[in-house]
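Undergrad: Right, I'll just put the structure down here and ask away after.
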Amino acid sequence: MSVVASAPGKVVLSGEYAVLDGAPAICMAVNRRAVATVGDSPDGRCRVSTPGREFRDGEKFRIVEAVCGSRPELTIELDTRAFAEDGAKLGVGSSAALTVALVAALGGDAFVDALAAHRRLQSGSGSSVDVATSAHGGLIEYRMGDASVTRLEWPADLAIRFIWTGTSTCTKARLDRLSGSGGRASRSELRRAAGDMADAWRSGDAAGILAAYVPYVAVLRQFSVDHNLDIFDAGHEALTDGAERAGLVYKPAGAGGGDIGTLLGPDAGELDAFISGNAGLVHTVLDCELDRVGVILEQS
């Protein structure tokens with residue numbers, strides 16, 4: 001008998017980088033789900049398979065060992081095909097979602113145990129906002145210090161689209177660069193701006209959220225320059241400028257420098273019109289939406 005668990009991916013809406021300094025991050029789960037299937041081994045050996053092409057050599061075993069501490073005598077299938085386009089990762093939290101799903105399939109605590117496992121996998125770097133989002137689902141406010149999660153409701157009259165740059169990026173490389181860059185004024189300003197964004201998201205007022213993004217994105221841009229992070233590379237800068245001229249909001253999601261960005265506005269038709277009018281800047285509009293459900297056991 002096999003046990004099957006799945007967990008959603010994530011998109012960071014605000015608080016990227018600043019969450020490492022104690023600021024709140026706002027993150028949403030998206031309905032691209034990682035699936036872990038666990039069953040008995042026919043020969044007492046650990047057998048791990050991956051139906052997709054997203055994993056580098058050895059990565060599948062590092063995930064298993066981070067969760068289990070060793071290679072268990074089980075057959076394990078790790079499926080993150082929904083997190084990739086043409087074999088390239090989208091940057092919506094595949095390793096975190098897979099860690100959460102595998103922990104759940106093995107009977108562990110899908111939040112607490114997955115947090116510990118994912119920190120082992122990343123050698124202690126990162127905030128684990130992706131793990132919290134995959135475990136809980138929906139729209140959340142997350143604080144790294146005590147790993148606290150507060151559920152939020154998606155505001156009425158707020159539309160969103162997800163745009164993939166066509167370029168995968170490495171979050172850890174940017175975190176390493178940040179750790180070696182020292183403190184700049186924009187780092188504390190980003191922490192303050194992230195707090196303002198969280199206040200706006202908590203209010204549930206779409207107009208207030210969109211207005212709060214204007215100074216937030218400006219601070220994020222300066223933070224990127226000051227710390228040599230290239231957050232707005234890979235086409236993000238042009239889309240940010242274009243959206244601002246159109247009265248909309250666009251920003252890179254998470255570490256930036258590639259992966260995906262979010263386009264927000266009061267009306268879905270306006271977003272689609274912007275995308276159509278800027279086809280030369282838009283690589284791919286992802287077919288995904290808010291997933292209100294976190295980790296689930298699909299079969300046991």
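No value in this document is a laboratory result; all are computed from the given coordinates. Only a predicted model underlies this, so the values are computations on that prediction, with no experimental measurement involved. Please note: Cβ atoms are built from the backbone with ideal geometry, for glycine as well, and neighbour counts cover all protein chains shown.
Undergrad: Give the residue list of trypsin sites (Lys or Arg not before Pro) in the stretch 1-49 that are DSSP loop and have at most 11 other beta-carbon atoms within 10 angstrom. Provide the component values of the computation, followed by the final result.
TA: Numbers: sites: 10, 32, 33, 45, 47; in loops: 45.
Of the trypsin sites (Lys or Arg not before Pro), the ones in loops of the stretch 1-49 whose Cβ has at most 11 other Cβ atoms within 10 Å are 45.
Undergrad: When a/c is below 1.5 the answer is rounded, else prolate if a/b is larger than b/c, else oblate, so apply that to the chain with a ≥ b ≥ c taken from the square roots of the Cα gyration tensor eigenvalues.
TA: Numbers: a/c = 1.79, a/b = 1.63, b/c = 1.10.
Note, shape of the chain comes out prolate.
Undergrad: What does the charge add up to near residue 253, with Lys and Arg as +1, Asp and Glu as -1, over the other residues with Cβ less than 12 Å from its Cβ?
TA: Computed value for this residue: 0.
Undergrad: Moving on to the next point. Give the residue from 126, 197, 154 lying farthest towards the positive end of the charge dipole for the chain; charges sit on Cβ (+1 for Lys and Arg, -1 for Asp and Glu) and the dipole is referred to the Cα centre.
TA: 126
Undergrad: How far is the Cα center of the stretch 1-75 from the Cα center of the stretch 222-245, in Å?
TA: Distance between centres, Cα-based: 30 Å.
Undergrad: Follow-up question, since we're still on this one. Fewest to most neighbouring Cβ within 10 Å: what's the order for 168, 14, 179? Working shown, then result.
TA: Working: 168 18, 14 29, 179 11.
If I rank by nearby Cβ atoms, fewest first, I get 179, 168, 14.
Undergrad: So what's the back-of-envelope 222 nm ellipticity for the chain, counting only DSSP H runs of four-plus at -39500 (n - 2.57) apiece and dividing by all residues, rounded to 500? Before the final figure, lay out each step's value.
TA: Working: 9 runs with 109 residues, N = 300.
That comes out to -11500 deg cm²/dmol.
Undergrad: Kindly provide the GluC sites (Glu not before Pro) of the stretch 1-99 that DSSP labels as loop, not H, G, I, E or B, and whose Cβ sees at most 10 other Cβ atoms within 10 Å.
TA: Values: sites: 16, 54, 59, 65, 73, 77, 85; in loops: 16, 54, 73.
Sites meeting the loop and neighbour criteria: none at all.
Undergrad: Using the Kirkwood radius over C-alpha pairs as Rh, can you work out the diffusion coefficient of the stretch 146-300 via Stokes-Einstein at 20 °C, viscosity 1.002 mPa s, in µm² per second? Don't jump to the answer; show the numbers that get you there.
TA: Working: Rh = 16.8 Å.
This corresponds to a translational diffusion coefficient of 128 µm²/s.
Undergrad: Taking the Cβ of residue 5 as the centre, find all other residues whose Cβ is under 13 Å away and add up their charges (Lys, Arg: +1; Asp, Glu: -1).
TA: -4
Undergrad: How high is the relative contact order of the chain, in percent, with contacts defined as C-alpha pairs under 8 Å that are six or more residues apart? List each step's numbers first, then the result.
TA: Values: 667 pairs, mean separation 79.5, N = 300.
The normalised contact order for the chain reaches 27 percent.
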